[in-house]
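Read through the structure below, which is laid out as structure tokens, and then see the notes.
What follows draws every value from the coordinates through simple rules; no lab data is involved. Keep in mind that this is a model prediction, so the values were computed, not measured. Neighbour counts run over all protein chains shown; Cβ positions are idealised from the backbone, glycine included.
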Ligand code: CTP
């Protein structure tokens, strides 16, 4: 599976760097070429000689190495691989990545690369638990960086807890997963998900019961088929999937802006339950309750994000999929909605409380396309997502 692939391996400066030597060996055993990069700190733990001997290639160490720049500039170096792997990813390297620093070869490559990145964090348990590292990790995940480990166990520093780098074979498995050739490889897909919150004042808002679980499952399934997914999500009850670019938004207006910024895409799936109205009289400070008096709430219609994208001439995604959450005459209403909104497909479902679909784990949908209506049996939201993702892959083929 890894035969013919190339990994740019950035070895950070931590005690776990010795395991990176074994990782090089394991990757090469599987026919994967390894271009090694050592940070200055890493040279305290492993020697360039041992790394290059195992990789069968010279080690890149210096941003300002004239000879190397003449052979292959650092921008070119950042593009040679199918995947960039950072192992061990130290707390410092993660902080640099999250901040976008470029003050040495490793951080510059990470900022310049346009290939997917996988990190294997390794650090002392307190550093791993520190709020700064948690923030950096969340930023990196939101940027679409894949993460493997760390594991829990005894640490070289004598403490116990999470922070040990994943074992080389675990990292190999994560590399295989990241490089899996799916039918959507090379495709960029947008997914909107979750509810939107429309502010009344700084503490109150209008919302709906969407948990975001169906949209999240769809984003995960599309990424699993190899798509590059931009996941624009309102405040959902479930965590976003790994390996997708997460764009968190609050209101419909913010969602529209994020969607427009994500274009162009090959396909767009609008699973978000966008609030139909916003409060035009939203107050910048908390509205105080006054006896016998109701606050003057004026509503205005929100822009229809799906319809605006489906109606684009140039720059319209090849496939636009909408959702229709209905409680009555599901198929008839959803079919009319498909025509009104101008989308290619509509995934319709019955969200009457008796179905338990809204906020639940299962869904029963009808897929309405130009060819007619398909009634899918009730199944888990993950299964609906996988079935929809493979239909999208077929349609884009
Ligand atoms: N949608 C959108 N922007 C909006 C409203 C809806 O992008 N402002 C999208 C949803 O993500 C979904 C589809 O449009 O894919 C259908 O949304 P729905 O709320 O069911 O349809 P409405 O047009 O609002 O009709 P109604 O509420 O009357 O059923």
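Would you mind ranking 33, 193 so that the residue whose beta carbon has the fewest other beta carbons within 10 Å leads the list?
Values: 33 19, 193 30.
So the ranking, lowest neighbour count to highest, is 33, 193.
Taking the DSSP bridge list for the stretch 188-396 and keeping only pairs wholly inside it, about 40 percent are antiparallel.
Helix 330-341 axis versus longest C-alpha principal axis of the chain: approximately 70°, rounded to the nearest ten. Between 355, 39, 216, the residue with the greatest mean-square fluctuation in the GNM of the chain (Cα pairs under 10 Å linked by springs) is 355.
The alpha carbons of the stretch 162-270 occupy a box of 52, 38, 21 Å along the principal axes, longest dimension given first. FRET efficiency for the pair residue 160 and residue 238, taken as 1/(1 + (r/R0)^6) with r the Cβ-Cβ distance and R0 = 45 Å, rounds to 0.90. Against the main long axis of the alpha-carbon atoms of the chain, helix 381-396 sits at an angle near 80°.
Would you mind ranking 160, 18, 205 by Cβ crowding within 10 Å, fewest neighbours first?
Numbers: 160 12, 18 15, 205 19.
So the residues, fewest neighbours to most, are 160, 18, 205.
Secondary structure note: in the chain, about 30% of the DSSP beta bridges are antiparallel. Each Cα pair of the stretch 188-396 feeds into the Kirkwood radius, which the Stokes-Einstein equation turns, at 20 °C and 1.002 mPa s, into a diffusion coefficient of 122 µm²/s. All Cα-Cα distances of the stretch 255-330, cut into 10 Å bins from zero to the largest, leave 15, 35, 25, 17, 7, 1 percent in each bin in turn. The reciprocal of the average 1/r between distinct C-alpha atoms defines the Kirkwood hydrodynamic radius, which for the stretch 63-135 equals 13.2 Å. Where both bridge residues fall in the stretch 149-277, DSSP classifies roughly 30% of the beta bridges as antiparallel.
Determine the relative contact order of the stretch 6-178: mean sequence separation of Cα pairs under 8 Å and six or more apart, normalised by residue count, in whole percent.
Numbers: 340 pairs, mean separation 40.8, N = 173.
Averaging sequence separation for qualifying contacts and normalising by length gives 24 percent for the stretch 6-178.
Across the chain, the relative contact order, built from alpha-carbon pairs under 8 Å that are at least six residues apart, equals 11 percent. Take every pair of alpha-carbon atoms less than 8 Å apart whose residues are at least six positions apart; their mean separation over the length of the stretch 188-396 yields a relative contact order of 21 percent. Inter-label distance, residue 132 to residue 340: 5.3 nm, where each label sits 7 Å from its Cα along the C-beta direction.
Build a GNM of the chain with springs between Cα atoms under 10 Å: which of 112, 221, 267 gets the top mean-square fluctuation? Greatest mean-square fluctuation among the candidates belongs to 112.
Taking 20 °C and 1.002 mPa s as the conditions, I'd like the Stokes-Einstein D for the stretch 1-160 in µm²/s, using the Kirkwood hydrodynamic radius from alpha carbon pairs. Rounded to a whole number, D works out at 136 µm²/s. Placing pseudo-labels 7 Å out from each Cα toward the beta carbon at residue 312 and residue 43 gives an inter-label distance of 4.7 nm. In a GNM of the chain with a 10 Å cut-off on Cα contacts, which of 103, 371, 22 has the highest mean-square fluctuation? Residue with maximal mean-square fluctuation among 103, 371, 22: 371. Residues 380, 285, ranked from the fewest to the most other C-beta atoms within 10 Å, line up as 285, 380. Inter-part distance, the stretch 1-66 to the stretch 181-252, computed on C-alpha centroids, equals 36 Å. Within the chain, all pairs of alpha-carbon atoms sorted by distance into 10 Å bins from zero give the percentages 5, 20, 26, 21, 17, 9, 2, 0, 0. Between the stretch 333-369 and the stretch 96-168, the alpha-carbon centres lie 40 Å apart. Quotient of the Cα radius of gyration of the stretch 280-397 and 2.2 N^0.38 Å, N being its number of residues: 1.39. Relative to the longest principal axis of the Cα atoms of the chain, the long axis of helix 131-142 lies at roughly 70 degrees.
Please work out whether the stretch 1-95 counts as rounded, prolate or oblate from its C-alpha gyration tensor, where a ≥ b ≥ c are the square roots of the eigenvalues and a/c under 1.5 means rounded, while otherwise a/b larger than b/c means prolate and anything else oblate?
Working: a/c = 1.43, a/b = 1.02, b/c = 1.39.
It is rounded, given that a/c, with a ≥ b ≥ c, falls under 1.5.
Can you show me the helix-derived [θ] at 222 nm for the chain, built from DSSP H runs with n ≥ 4 at -39,500 (n - 2.57) apiece and divided by the number of residues, rounded to the nearest 500. Intermediate values should be presented prior to the final figure.
Values: 14 runs with 135 residues, N = 397.
Taking each H run of at least 4 residues, the total per residue is -10000 deg cm²/dmol.
Shown here is the pair-distance distribution of the stretch 96-225: with all Cα-Cα distances grouped in 5 Å bins from zero up to the longest one, the shares run 2, 8, 12, 15, 17, 17, 12, 9, 6, 2, 0 percent.
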